[in-house]
Amino acid sequence: MPRPPARAAARPPRRHRFGQHFLAAAWSERVLKAIAPEAGDVFLEVGPGRGELTLPLARTGVPILAVEIDRDLSAGLAPRVPPNVTLLTGDILSLDVIPYLGGLQPQRPAEMTPGKSPVRRVRVVGNLPYNISSPLLFWLIERARKDAAFADATVMLQREVADRLVARPGTKDYGVLTVLLRRQAEVIKVLDLPPAAFTPPPKVRSSLVRLTFHEATPRVPDEARFAAMVKGLFSQRRKMLSNAIKRFDPVLGPLALTRSGFDGHRRPETLQLEELARLAELLAGTPETRVL
């Protein structure tokens, strides 16, 4: 049997189960410009695919840790990447990437004063498959909360998900992901991408979003309970707040609502981030806010 041509071996077939839509070359430079790599930057790329973003980013000289779950895509990309790219095959959600990132050293510009080094930032980039975008965003929230691992993340998402990240209270897109992410990051939509920006074109539109991470604000007494409260309230987002909080905590819920001074006829979906944090404090029964 004749061997397949080298070009075919370098372009593995798309796997539908991974939700793969590869960035078109004409858009790679626009995305790279929006990322704006600088001296001192170290990059974690999620889902490099065939290298559409990896290779242009690598040409700037920055060190990159690229994590690809598809073994065939990883094997096809491996011989094409330069030495400043470290390619791992595996699931980003289960791999411990921090030790690998710790071994990557940023560029030192030739014109920099001897003895000085650029400020090191670890940044995340990626064309996120639609089927892992929400789990990956929650993973980023967890990493930001636990060890402040990343300075920012510039990622391509389905437009519907991007709209949720920048949604305002009281709108249909405002929800659990909005609240939990906005406690950890400033979120801006950088660029909209049409279906033609990808191969094959998806049936939906996409957006490039930048998340700039910071210390969790406002503070809450218990992160896990705050998340549980938010999920509980937004599962009844259009019910009256008095009913929703009673269902979450039948004992402390009504007392916390009374102490807060919030109108119990409001809907949970109208609560600002600061108001949700206030309820969490009252439910926790801290000395300053104890309701019993």
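Residues I98, I132, I141, I64 in ascending order of nearby Cβ atoms (within 10 Å, fewest first): I98, I132, I141, I64.
Counting only lysines at least 8 places from K246 when in the same chain, those with an alpha carbon closer than 17 Å to its own are K231.
Once you keep just the Cα pairs under 8 angstrom separated by 6 or more residues, what percentage relative contact order results for the chain? Worked out over the chain, it gives 15 percent.
By the beta-carbon count within 10 Å of each Cβ, the least crowded to most crowded order of H265, H21, H214, fewest first, is H265, H214, H21. Result for the chain in a Gaussian network model with C-alpha springs under 10 Å: among P169, P135, P99, the largest mean-square fluctuation is at P99. One compactness figure for the range 165-277 is 1.27, namely its Cα radius of gyration divided by 2.2 N^0.38 Å. Across q = 0.11, 0.22 Å⁻¹, the range 223-284 modelled as identical point scatterers on its alpha-carbon atoms has Debye log10 I(q)/I(0) values of -0.17, -0.77, in the order of the q list.
The modelled label-to-label distance for the pair R168/K203, using points 7 Å beyond Cα in the direction of Cβ, is 3.2 nm. Each stretch of four or more DSSP H residues adds -39500 (n - 2.57); spread over every residue of the chain, this sum gives -10000 deg cm²/dmol at 222 nm. One Cα centroid belongs to the range 160-189, the other to the range 19-74; the line between them spans 25 Å.
Using the Cβ-Cβ distance between A78 and E38 with R0 = 22 Å, the FRET efficiency computed as 1/(1 + (r/R0)^6) comes to roughly 0.25.
Exposure proxy shown here: for T60, T217, T54, T178, the number of other Cβ atoms within 10 Å sets the order, fewest to most, as T217, T60, T178, T54.
What percent of all Cα-Cα pairs in the range 137-177 falls into each 5 Å bin, going from 0 up to the bin containing the maximum distance? Pairs per bin, as whole percents: 5, 20, 25, 21, 19, 8, 1.
Read-outs throughout are calculated quantities, based only on the coordinates presented, and are distinct from any laboratory measurement. All of these numbers come straight from a predicted model, not from anything done at the bench. Positions of Cβ are generated from backbone atoms using ideal geometry, with glycine treated the same way; all protein chains shown enter the neighbour counts.
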